[in-house]
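Below is one structure; the comments refer to it alone.
Each reported figure results from applying straightforward, stated rules to the coordinates on display, with no laboratory input. Since the model is a prediction, treat every value here as computed from it, not as a measurement. Every residue, glycine among them, receives a Cβ derived from its backbone with ideal geometry; neighbour counts consider all protein chains shown.
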Amino acid sequence: MRIKEIKLEHLVLSVLLIYITLHLLEEGLFGFPAWAERRWGIPNFTTFKWLLHQPYFLLSLGVSYLIYRSNKDKFLFVGLGIIMWGLVNTLDHVGFTVIFLEYSPGLFTGLIFLPIAVLALRKVYDMGKLSAGVIAGAVLIGLLNFAIPITLFISVDKMLGI
């Protein structure tokens, strides 16, 4: 398949599939919960607790995907926002790897989101739909898909006392 033939939807789906499979596998196998407990000071951040937090991200990203699919032209920025979420995730892992001068579990698969973001931006540009508004909306959606799940699971954890 040639790059010009790749649809934006394929790139959006690739972010979701890489996250659900490879990225979570890398984080789980290489001890992201223990790393986050040590580096971010999250008390009792076990693998089980980390697994309980993943549906928050899946729900947020899933809702975004459904919105995007409902009208791909009108909600182009939402689909691109899912890709921006992957980029935010990448920047998070790269940033903390640099800050702590050690591997942040999830870094390697997170880096896969970078070329996907470049391809997606190129695709939207080639479609003649790249604008400041689309980019701003996509960045906002990406940040919301990162922040809302974290805010929710912190709140729920506090309510449940876990």
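Going Cα to Cα from LYS72, which lysines come in below 22 Å? Please leave out same-chain ones fewer than 8 positions away.
Straight-distance partners of LYS72: LYS4, LYS7, LYS123, LYS129.
The list [x] 1.02; [y] 0.96; [z] 0.99 gives values of Rg/Rh (Cα atoms, Kirkwood Rh), and only one came from this structure; which label was calculated from it?
Looking at Rg/Rh (Cα atoms, Kirkwood Rh) for this model, the match is [z].
Quickly estimate the mean residue ellipticity at 222 nm for the chain, helices only: each DSSP H run with n ≥ 4 gives -39500 (n - 2.57), and the total goes over all residues, rounded to 500. Mind showing how you got there, number by number?
Working: 8 runs with 122 residues, N = 162.
Computed mean residue ellipticity for the chain: -24500 deg cm²/dmol.
If packing is taken as the average number of other Cβ atoms within 10 Å across a peptide's residues, how do 94-104, 22-32 rank, most packed first? If you can, show how the numbers build up before the last one.
Values: 94-104: 13.5, 22-32: 16.9.
Sorting 94-104, 22-32 by mean packing, highest first, produces 22-32, 94-104.
Could you tell me how far the Cα centroid of the range 89-162 sits from the Cα centroid of the range 9-85, in Å?
Going from one Cα centre to the other spans 9 Å.
I'd like to know which of ILE83, GLY28, VAL98 lies farthest towards the positive end of the charge dipole of the range 3-151, counting +1 on Cβ of Lys and Arg and -1 on Cβ of Asp and Glu.
The one lying farthest along the dipole's positive direction is ILE83.
Along the range 29-46, what does the Karplus equation 6.51 cos²θ - 1.76 cosθ + 1.60 (θ = phi - 60°) give for ³J(HN,Hα), rounded to whole Hz, x for Gly and Pro?
The phi angles translate into 5, 9, x, 4, x, 5, 4, 5, 4, 6, 8, 9, x, 7, x, 6, 7, 7 Hz.
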